[in-house]
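Take a look at the structure set out below.
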Amino acid sequence: MRLVMLGPPGAGKGTQATKIAARLGIPQLSTGDMLREAVASRSTSGLRAKHIMDRGELVPDDVVLSVVTNRIDHSDTVNGFILDGFPRTVMQAEALDQELATRGIKLDAVLEPEVDEDALLDRIRGRAEEAANNGECIRSDDNPEVFKTRLDVYRAQTAPVTKYYRSQGLLNTVDGLQSIDVVTEELAVALAKMSPHQMRSDS
Ligand code: AMP
């Protein structure tokens, strides 16, 4: 299955994408992770992206699109993939449709855990605290100030992507405030309805 995981920052996209990817045996393609790897490798595009990411803004569409199109051509995507954090603009969504069409494939479904804004801020704080307690690196964009920008960017540029996919009949929204496992189960049920033969419901 070829899937997209949408949702504002802190909604649990990454967590849910990991779990759905494992159930389906397909790779999770996180543009945030790919860009952080580019930053860590200190490539020219990575260094350019770092400042934009640290401010909570969006990396230019052409940069992200080229990262994604290269990645979906790897052999591990033969049975599908779940895109996590992409597309984030309607332009990216349209470009993705075109790229998939040139490969003779298309998206099967779009998933969206929905979470209200107060809960999102709490989650971002929790994520930073948990990382600190575990001695892990805290993401430079996981702080309340940058989070506000990320949320503004989401509202202005990414929320319209939801409408784009709703109009294509691909969007499945579930209540993201429930426990992680319940959200996964509801997403799995939504997927099973769209594509009954491809979804296992037992893991
Ligand atoms: P994430 O890990 O998905 O929260 O992404 C972290 C940061 O990477 C975002 O705040 C953006 O700066 C950048 N980023 C990730 N995906 C995209 C995308 N599809 N388009 C533009 N920027 C992105």
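For this structure, a couple of remarks:
- Dimensionless Rg ratio for the stretch 139-179, taking C-alpha atoms and the 2.2 N^0.38 Å reference: 1.48
- Three-way shape label, the stretch 93-155, alpha-carbon gyration tensor, a/c 1.5: prolate
- Estimated from helices alone, the mean residue ellipticity of the chain at 222 nm is -17000 deg cm²/dmol (sum of -39500 (n - 2.57) over DSSP H runs with n ≥ 4, per residue).
- Considering only alpha-carbon pairs that sit under 8 angstrom and 6 or more positions apart, the relative contact order computed for the chain is 32 percent.
- The stretch 1-87, relative contact order [Cα under 8 Å, separation at least 6], %: 53 percent
- Protection proxy ranking of 173-184, 82-93, 24-35, by the mean of other Cβ atoms within 10 Å over each peptide's residues and highest first, is 82-93, 24-35, 173-184.
- The smallest convex shape that holds all Cα atoms of the chain, its convex hull, gives 123 Å³ per residue.
- In the stretch 78-203, a dipole from Cβ-located charges (positive for Lys and Arg, negative for Asp and Glu) runs towards its positive end, and of Met194, Ile138, Tyr154 it is Met194 whose Cα lies farthest in that direction.
- The stretch 91-110 and the stretch 1-79 have Cα centres spaced 16 Å apart.
- Mean separation of Cα contacts under 8 Å, 6 or more apart, over the residue count of the stretch 80-156: relative contact order %: 19 percent
- Cα extents for the stretch 1-55 along the principal axes, largest to smallest and rounded to whole angstrom: 35, 22, 15.
- Diffusion coefficient, µm² s⁻¹, Stokes-Einstein with Kirkwood Rh over alpha-carbon pairs of the stretch 1-103 at 4 °C and 1.567 mPa s: 92 µm²/s
- Solution diffusion estimate, µm²/s, Stokes-Einstein, the stretch 87-202, Kirkwood Rh from C-alpha pairs, 37 °C, viscosity 0.692 mPa s: 200 µm²/s
Each reported figure results from applying straightforward, stated rules to the coordinates on display, with no laboratory input. Treat the numbers as computed from the prediction; the structure is a model and nothing was measured. A quick note on method: Cβ atoms are made from the backbone with ideal geometry, for glycine too, and the neighbour counts reach across all protein chains shown.
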